[in-house]
Amino acid sequence: MPSKATIDRVQAGKDQLQFITCGSVDDGKSTLIGRLLHDSKVIYEDQLAALARDSAKHGTTGNDVDFALLVDGLEAEREQGITIDVAYRFFTTLRRSFMVADTPGHEQYTRNMATGASNAQLAIILIDARKGVLVQTKRHSFICSLLGIRHVVLAVNKIDLVKYNKERFDRIVGDYMAFAAGLGFTSVVPIPISARYGDNVINQSDKTKWYQGPCLLDYLESIDIQSDVARQVFRFPVQWVNRPNLDFRGYAGSVASGSISAGDEIVVAASGRTTRVKRIVTQDGNLPRADAGDAVTITLEDEIDIGRGDLLARPNERPEVTDQFAAHLIWMDNDPLVAGRNYILRIGTRTGVAGSITAIKHRIDVNTREHLAARKLSLNEIGFCNVATALPVAFDPYEVNRKTGSFIVIDRFTNRTVGAGMIAFPLRRATNIARQPLSVGKSERAALKNQKPCIIWFTGLSGAGKSTIANIVDQKLFAMSCHTILLDGDNMRHGLNRDLGFSEADRVENIRRVGEVAKLMADGGLIVICSFISPYRAERDMVRNLVAREEFIEIFVDTPLEECVQRDPKGLYSKAKSGKIKNFTGIDAPYEIPMRPEFHLRTMDQTPEQLAEAVIDVLKARAIVHGH
Amino acid sequence: MQQSGCRVVRSCLLLRQGYRPKRKRCAKWHLTNNNSVSKKNHMLPKHLRRLEAESIEIMREVVAGFKNPVMLYSIGKDSSVMLHVAIKAFYPAKLPFPLLHVDTTWKFREMITFRDETAKRLGVELIVHVNKEGLERGINPIDCGSALHTRVMKTDALKQALDLYQFDAAFGGARRDEEKSRAKERILSFRSAGHVWDPRNQRPELWNLFNTQLLQGETMRVFAMSNWTELDIWEYIMLEKIPVVPLYFAKQRPVVRRSGATIMVDDKRLRLQSNETPEMRMIRFRTLGCYPLSGAIDSDATTIEDIVAEMHTATVSERQGRLIDTDEAASMEKKKWEGYF
């Protein structure tokens, strides 16, 4: 055996593709993996012999070898014929080496699927050709999308059982494409296969002559995953300070994304201190450049204070640094998430961060993607939450960077990993980070208008009189030459929020958008009058947190439910009572009364005119406007 | 340190700046010019660079996250790679944890020689632990069977050593491709007090965000080489020129056939049966353990390159040569519950 040839062959190298397989046992997921392993010749003879023995004992395929048993490793799984945990399999071809995360498909194992998806670049979503797109197909696709997978293979399996029927295949593909349109996948490649008989798995099947695309393995070998991380901006989470003696101080870590060269300028995200990279040290010699994925030790030109958990970046490409952010959260523990309770967070290499989930904005039904109001998250549930940390942390949105946008939640008492999060956006920027300074500030704009900008937030039941009072307040302020804008629920829905329905989840998003718009308008120096039911404290507080403390004035329009029902100006209560509207506040959805509103308007004894005058008095007292 | 049941070898710390490979080229670069730039690492193919980097990241994570880590050193090829990568991970600092070898006293003689030479060559701290009680009771693989021998001399001995030195994290060289229940193993494998492994009570591992928090008495086994395959290991050994025990290379050695396996006659304790006559055969080992439990394979592979070439055409798994895995159904899973690596 010429040894040179062996070395050359190894060195020619190949890259690695990590993928996840989604589907339930019935879809033939384990069978497919077993087939891939077997046909790519990584199953050895002794393992095949053991497989034949096991097939006789536990198998579900009659006299044939049951490939599923190759991958279901735990005794309980083999006995029950289900997959409990994430299993990792490896196989290699001349072009690529593959790592497969085999995960269970049932809803109660959402956390396992999320685990398998977290590091995967591609997902194979299996569909039983006889059954088509099912609820679970949608669940799996959603979780893959949420975890940042951008490439999907739609493996329409058991094509043999529908007699290799093209129309059947086309219909399933059509159904799936329609559903997956909103999931942000870069590529979706449908392939008709039979995992059991091997059609279109390793070789092109002659039974599906109508199918012109690649077979599964060919596609997995050739798909371009030229990792997106290389094109991203430079991020280096400091993992460990290497200080063997007084002469050497290096920062060990793995390049999360982008690349860095000796001599490049860097900034420590949290402190804002800048310096230059002196050397990129490895035992194999100094490197001129380190790329995404490289584990290196960086030395710097200046001695600045850096420790484990710091995130290094280029000064012109800084990450977000804040102590409040919004994130998707997958709950993984039997004890439900309790908003407001303290947990330990780990973000990048920043460990032991005290933090809490301040609000659950909505829960997402993993089967329908519908947003639902929620007070807690139970095992395997996914929510969109506000998170607050004791210290500012550096991160990127997960959509932009999976490595620097993810975090885990650890229980303070049991130390269990109870949640996994994907950061969506910062809620407040840390004060020591300079934002783009605006030449004309909020106060200048407001001074010109002779008023203080603020958000006046009317909350209360439907029919309580919010809009009526808000309208009169607006007229009165206008008469006083104040610059105002009135944002009303119904009006917002005609434009900005016309894509939102009336589900509780959409209401949460409704308020979020309104809050952001109100904030921008307040930045412009306006007095922003908002009239929204906004039944949850969490959302009202979210808007409150967007602006300075004195700029948010919550006005509770307090009208008893019986009175609202009796007034019923839009006929909504009668519809709700007859069941024609679901989740109607006050009827079958809660209204959380404000605990400490800036002003409490009891409407029963006064006219709208009097109530509006009382509001104006409050604004005068707070020097928002000046009385005449 | 001289408590019951352990013998401690502490080799001196030879190199203040850590281990440098014997390859002259690299060593010279280091010594001559601090700012020189290496081209060497770029000779590693992408998938091996990636595996190496991943293992380095895990090792640094453990050193940063635990109080008192240790690296299990089994002398085999996986341990050789693990140690090689570990030295890279902390360069230029020396290895920030000791090595621990759990000696069943039934290892091949060449393994023990290699172990002591390696510790000396690299200047790393090595702890050797033997279950003295098991030894006194005469536990051995030939009379007691592989199951009892493994439990007492490997699993119990390991637990003793971890307790004795209060290690809270122990690196092991196990890989996910080795065996079915290993395929489900975490990289950080949680063990509750008493070293119990419960597959249903493992922490989810997402991204590279490991949870290193422990309560009193809890420990972690860390499989930093989880995602390497046997082929990766050999390709890496070849390209990085890592020394391994000579038993991996084919050579004429005295063997007998026993229980369907080819067993090397390493010393007199094997006690030949009347129908057993040692014959010289060209054999090598794909995995190494206690010699009466390690099956040899016929092979002509005398160099690493030969082994890699042989791997490309192998038709049986490396574990086939291991007698301890076939003791009973779900054998590995059961051993892991008891605290085996």
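Each value in this text was obtained by applying a stated rule to the coordinates, not by laboratory testing. In this text the structure is predicted, and so the values were computed from the model without any measurement. Positions of Cβ are backbone-derived with ideal geometry, glycine not excepted, and every protein chain shown enters the neighbour counts.
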message = If you average the alpha carbon positions of segment A:239-303 and of segment A:565-628, how far apart do those two centres end up, in angstrom?
response = 58 Å
task = Take each uninterrupted DSSP H stretch in chain A, measure its Cα extent along the helix axis, and return the ones at 18 Å or beyond whose mean Kyte-Doolittle hydropathy is at least 0.0.
result = A:466-479, A:608-621
ask   = Hey, rough spin-label estimate for A:ARG249 and A:ASN316, points 7 angstrom out along Cα→Cβ, what's it come to in nanometres?
value = 2.9 nm
key: ³J(HN,Hα), Karplus 6.51/-1.76/1.60, whole Hz, each residue of segment B:191-202, x for Gly, Pro   = 10, 6, 3, x, 6, 7, 9, 10, x, 7, 10, 9
key: Cut-off under 5 Å, modelled amide H: who pairs with A:PHE552 long-range   = A:ILE455
inquiry  = Need one value for A:281-294: mean number of C-beta atoms belonging to other chains within 10 Å of its residues' C-beta atoms.
reply    = 6
key: Rough spin-label spacing in nm, given labels placed 7 Å along Cα→Cβ, for A:GLU516 and A:ALA479   = 3.7 nm
message = Sorting check: for A:271-279, B:71-79, which peptide has the highest mean count of neighbouring beta carbons within 10 Å, and how do the rest follow?
response = B:71-79, A:271-279
Segment A:536-591: translational diffusion in µm²/s, Stokes-Einstein, Kirkwood Rh over Cα pairs, 4 °C, 1.567 mPa s = 97 µm²/s
key: Order by protection proxy (mean Cβ within 10 Å, highest first), peptides B:205-211, B:85-91   = B:85-91, B:205-211
query = Do you know the relative contact order of segment A:482-577, to the nearest whole percent, from alpha carbon pairs under 8 angstrom that are 6+ apart?
reply = 29 percent
request  = Between A:LEU391 and B:ARG257, take the C-beta separation as r, use R0 = 56 Å, and let me know the FRET efficiency to the nearest 0.05.
outcome  = 0.25
task = Between B:ASN275 and A:THR368, take the C-beta separation as r, use R0 = 60 Å, and let me know the FRET efficiency to the nearest 0.05.
result = 0.25
query = Sorted by mean Cβ packing within 10 Å, highest first, what order do the peptides A:98-111, A:314-327 take?
reply = A:98-111, A:314-327
ask   = Hey, any idea what Rg/Rh is for chain A, computing Rh the Kirkwood way over Cα pairs?
value = 1.04
query = Roughly how crowded by other chains is peptide B:45-52, in terms of the mean Cβ count from those chains within 10 Å of each of its Cβ atoms?
reply = 6
ask   = What list of ³J(HN,Hα) couplings, whole Hz, do you get for segment A:238-255 from phi and the Karplus terms 6.51, -1.76, 1.60, once you set θ to phi - 60° and write x for glycine and proline?
value = 6, 9, 7, 8, 9, 9, x, 7, 5, 8, 10, 9, x, 10, 8, x, 10, 5
remark   = Computed over chain A, the relative contact order (Cα-Cα under 8 Å, seq sep at least six) in percent reads 9 percent
query = Counting partner chain Cβ atoms within 10 Å of every residue's Cβ in B:169-182, what's the average?
reply = 3
task = Calculate the spin-label point distance for A:ASN450 paired with A:GLN610, positioning each point 7 Å from the Cα along the beta-carbon direction, and give it in nanometres.
result = 3.1 nm
